[in-house]
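Undergrad: Dumping the structure here so I can ask a few things about it.
The values are calculated or read from the model by the stated rules, or taken from the named source; none is laboratory data. Every value quoted in this text rests on a predicted model; they were computed, and no experiment measured them. When we count neighbours, we look across all protein chains shown, and the Cβ atoms used for this are built from the backbone with ideal geometry, even at glycine. SASA here: full protein model, heavy atoms, side chains in, ligands and nucleic acids out. Shrake-Rupley method; radii C 1.70, N 1.55, O 1.52, S 1.80 Å.
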Amino acid sequence: MVTGKHRTFCYVCGIVLAAASSLSAGGFDPAIEALSSRVVRLFGLKAGLSAGYGSGVLVTSDGVVVTVVSLLLDAERLRVVTEDGTVYGADVLKQDRDTQLALLRLKPLSQYDRRGRSVQGDAIEDGQFSYFKPGDSSTLRPGDWVIAGGNPFKVAQGDEPISTTVGVFSTRAELDARRKTRDFPFRGEVLVIDTITSTPGSPGGALVNLDGEWVGLIGRLVVSNRTHTNFNYAVPVETVTDFVQSVLHPEAAPAHKPATVAAFHGIKLFELGYLKKLVYVDSVKRRSPARAAGVKKDDLIVSVGGKSVSDIASFQQVMRRKKPGDTLQLVVIRNEQIKTMTIELAEAK
Amino acid sequence: MRWFPIVASCMALVTTAAQPARAGEDFDILKTRQSLFHDAIDSVVPYIVRIETIGGAQPRVVGETAPPEEEEDDGSPPPQPMPFQDNLGSQFMVADGPTAGIIFDADGWILTSSFNFVREPAHITIHLTDGRDYVAELVARDRVRKLALLKIDATGLQTPEWVPVSEIRVGMRTIALGRGFGGESPSATVGIVSALNRMDGNAVQTDAKLSPANYGGPLIDLRGRVLGICVPMAQRPGELAGVEFYDAGIGFAVTKDRVEEIVAELKEGVSFYRGWLGVSINTRAQNNCMIRAVADPSPVRELGIRPGDIIATANGHELRSIKNLRQAIYMVPAGEVVQLVIRHGDLESCYEVVLARNTELGALVQNEPPPIDPANPFIKPKKLPWKR
């Protein structure tokens, strides 16, 4: 029997529950909740550029963590701290030079009992950790909210939650950057974000969208070669997942990539002086793809395949990535006029 | 029927447990705001152009100073790009990537920031959103407000809507757009209008992150209207002043009223330069702005102002130090008038001084200027009220 009194009580319960659920952190709570249990803090070797601490993202329920390549991983005693403040050791499974990503597997730390004897900690069980399933970074549009989680300046101590910052997704762009005086090896597309993640400790953290879906991994601290400013970016989750899968399931990954053959265009560039050499055409080989496309001596090449090339080095960099058979759009300035032509690369003889 | 309330509240319990925060209306507000961002960006993208610069100066001391006395020339190329340095010693890397500008009027006038041309590039190309490419001519620069006007050979271009300056309020949402990182779409950073009438009334301040990635691009509101052109600025002169604020939440955008004041002259190829009085101030003087030396020739020397005189006010601002003087005139370009009150002993005189470019100034001298013609109508002696 439900009396009127009961009924009122039930309604009140419903209202209280509804009120409790709308006491949210401004709407960002799904994202922040998703981040705080899946981003871990790393502590390792401190030397030179390396701050000795960083962040990582759990990608399996049995404690596989993806992070960025860093000097801290070279530590003899690498420590990983999860949300509840539990400290784990970790083995580095792989550090990839091309993508500058690294994969770790957590392991229990040995503990000491009352008599000072070393005891193996509890083994890690499958299903012990919450982890991120990859989202889809291609759905991001400029202006979308993004939330970054990491441990900048190792502010979070013990079982304190990680630091999160809110910003918007700026754009997708190719990473063209350097660390100190050396070019950064990863040149793929990254997610440029409008929140400061170029701080020590943030790299390796996660970037999620408003729904809390994992879209990127905060990249290493670099300086953009285009703007010469510190670069706030995340490696798209697709690139991260490809890397994780290639380490965890090497048999599923495609075997050796076929050896690439250098592409041939037939343009000899005018080289004189140093630094910032403009991409002027010195000569074009006879019966070459460039000759067929209509490239002439003294043309100034300004863009190749949609990418602007401001110096010979950047032109060669674009060309190095192209394969024979690729067709490229070439934009040149000739007699103060813009000319666009299409060139089909051939195989180098 | 009687069981319905219990069932309903149980269901409420189940759904809240499964999706603890989705129910929050804050979340919906955020989603709505996100789509507002999209709409605003989409509506202004057609008016943003991508500017590519090719060639130009190597990093060296630039600006309006003389070249350094000794150019290092050991033949070996420096391993890394060197920072540019302006005449006040601030150093910064000038962007190498593409930059942004906006279509200012239908006949092919493109407005952007002069920051993008510090290198003095040999070629400038412009890529419109509709896919057309043009070679652009750099018509004129305003080095004080950090603007530049380019011309391309196009007509019938669509122009964006601007926010009337009187409608701009502190707290309005802003989105800064740029092309500095390359990529297919412009990059966006968001913030609010932090202050109005900054930089002597030339700019609005925003906390959207401005950097070499978006100098020259537009700052827009949530309705996709242009608030101003993003430029580096600081309360001190110099071509690179303000760049050090990048991504710090301190950014400036020049508003339309100021652009309209100068755009006719810019179109005629008239560039604006920093204005100089041609005086050196005694920094040891207490609580006043005493002239230590005067450039010969210079606008002030022609008026008979001499070392030892005290600049009491400039454009109505009372001066207590060289900092006050800089602040009073740093946004006044050469060729414009500054009103000075000069104290010479007991005499206080008003002058209207036309500022000069630093290339027009001579060396600093400390000797007396030629005697002043007492019939000079500009000099209006008057007794100091507080003089015993």
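Undergrad: Output the relative contact order of region A:146-267, whole-number percent, from Cα pairs under 8 angstrom with separation of 6+ residues.
TA: The normalised contact order for region A:146-267 reaches 23 percent.
Undergrad: From Cα pairs below 8 angstrom and at least 6 apart in sequence, can you work out the relative contact order of region B:100-236, rounded to a whole percent? It would help to have the intermediate numbers written out before the result.
TA: Values: 309 pairs, mean separation 35.9, N = 137.
After rounding, I find 26 percent.
Undergrad: Further question on the same structure: Count the net charge of all other residues whose Cβ sits under 15 Å from the Cβ of B:V204, scoring Lys and Arg as +1 and Asp and Glu as -1.
TA: Net charge in that neighbourhood comes out at +3.
Undergrad: Can you give me the distance in nm between label points at B:E244 and A:S283, each placed 7 Å from the Cα along the Cα-to-Cβ direction?
TA: Between B:E244 and A:S283, the label points sit 5.1 nm apart.
Undergrad: How far apart, in nm, are two points set 7 Å out from the Cα along the Cα-to-Cβ line at B:D153 and at B:S35?
TA: 4.6
Undergrad: Right, here's the next one. Note down the accessible area of A:K154, probe 1.4 Å, to the nearest 10 Å².
TA: Looks like 90 Å² after rounding.
Undergrad: Can you give the accessible area of A:F231, probe radius 1.4 Å, in Å² rounded to 10?
TA: The value for A:F231 is about 10 Å².
Undergrad: Let me ask something else about it. Accessible surface of B:S35 in the full protein assembly, 1.4 angstrom probe, to the nearest 10 Å²?
TA: For B:S35, the solvent-accessible surface is approximately 50 Å².
Undergrad: Multiply the residue separation of A:F153 and A:Y112 by 0.36 nm, subtract the distance between their alpha-carbon atoms, and state the gained length in nm to one decimal.
TA: Here the segment from A:F153 to A:Y112 would lengthen by 11.8 nm.
Undergrad: Please provide three numbers in whole Å: the alpha-carbon extents of region B:268-365 along the principal axes, with the largest listed first.
TA: Answer, in whole Å and largest first: 45, 26, 23 Å.
Undergrad: Estimate for me the total accessible surface buried between chains B and A (protein heavy atoms, probe 1.4 Å, no ligands or nucleic acids), in Å² to the nearest 100.
TA: Numbers: alone 20540 and 20010 Å², together 35270 Å².
Looking at B and A, the buried total is near 5300 Å².
Undergrad: Given a cut-off of 21 Å, name the pairs among A:K277/A:K297; A:K133/B:K209; A:K277/B:K146; A:K94/A:K307 whose C-alpha atoms lie farther apart than that in the structure shown. All intermediate terms of the calculation are to be shown ahead of the outcome.
TA: On the way: A:K277/A:K297 16 Å; A:K133/B:K209 31 Å; A:K277/B:K146 27 Å; A:K94/A:K307 33 Å.
From A:K277/A:K297; A:K133/B:K209; A:K277/B:K146; A:K94/A:K307, over 21 Å: A:K133/B:K209; A:K277/B:K146; A:K94/A:K307.
Undergrad: Can you list the GluC sites (Glu not before Pro) in region B:243-291 that are in a DSSP coil and have 15 or fewer other beta carbons within 10 angstrom?
TA: Passing sites in region B:243-291 are B:E268.
Undergrad: For B:C350, B:C289, give me the order by solvent-accessible area with a 1.4 Å probe, most accessible first, ignoring ligands, DNA and RNA.
TA: B:C350, B:C289
Undergrad: Turning to a different aspect of this structure: Ignoring everything except DSSP H segments at least 4 long, calculate the 222 nm mean residue ellipticity for chain A; use -39,500 (n - 2.57) per segment, divide by total residues, nearest 500. Before the final figure, lay out each step's value.
TA: Working: 5 runs with 55 residues, N = 349.
Helices in chain A give a 222 nm mean residue ellipticity of -5000 deg cm²/dmol.
Undergrad: What do you get for the angle between helix A:237-248 and the principal long axis of chain A? Use alpha-carbon atoms, 0 to 90 degrees, nearest ten.
TA: 80
Undergrad: Quote the relative contact order of chain A in percent (integer), defining contacts as alpha-carbon pairs under 8 Å separated by 6+ residues.
TA: It comes to 13 percent, rounded to a whole number.
Undergrad: Next question, about the same structure. Pull up all non-local amide H partners of B:D309: gap of 5 or more, or a different chain, and H-to-H distance under 5 Å with H placed in the peptide plane.
TA: Amide H neighbours of B:D309: B:I291.
Undergrad: List the residues of region B:243-274 whose backbone N lies under 13 Å from a point placed 7 Å from the Cα of B:N315 along the Cα-to-Cβ direction.
TA: Of the residues in region B:243-274, B:274 have backbone N under 13 Å from the label point off B:N315.
Undergrad: Could you tell me the center-to-center distance, by alpha carbons, between region A:88-148 and region B:109-134 in angstrom?
TA: Region A:88-148 and region B:109-134 have Cα centres spaced 46 Å from each other.
Undergrad: Quick one: Cα centre-to-centre distance for region B:267-342 and region B:207-249, in angstrom?
TA: Between the Cα centres of region B:267-342 and region B:207-249 lies a distance of 28 Å.
Undergrad: Is chain A best put as rounded, prolate or oblate by its Cα gyration tensor, with a ≥ b ≥ c the root eigenvalues, rounded for a/c under 1.5, and otherwise prolate when a/b is larger than b/c, oblate when not?
TA: prolate
Undergrad: For B:P98, what charge total do you get from the other residues with a beta carbon under 13 Å from its beta carbon, if Lys and Arg give +1 and Asp and Glu give -1?
TA: Around B:P98, the surrounding residues sum to -2.
Undergrad: Still on this structure: Taking a spot 7 Å from the Cα of A:D91 along the direction of its beta carbon, which residues of region A:49-85 have an amide N less than 18 Å from it?
TA: Backbone N within reach: A:59-67, A:73-80.
Undergrad: With a 1.4 Å probe and every protein chain kept in, tell me what percent of the accessible surface of region A:29-248 is carbon plus sulfur.
TA: 46
Undergrad: Could you please report the charge total around B:R326, scoring K, R as +1 and D, E as -1 over all other residues with beta-carbon less than 13 angstrom from its beta-carbon?
TA: Result for the local shell: +3.
Undergrad: Out of the GluC sites (Glu not before Pro) in region B:151-238, which ones are loop residues according to DSSP with at most 14 other C-beta atoms within 10 Å?
TA: Those that pass, being in a loop and sparsely packed, are B:E161, B:E184.
Undergrad: Measure off 7 Å from each Cα along the Cα-to-Cβ vector at B:S166 and B:D42, then give the distance between these two points in nanometres to one decimal.
TA: Simple spin-label model gives 3.3 nm for this pair.
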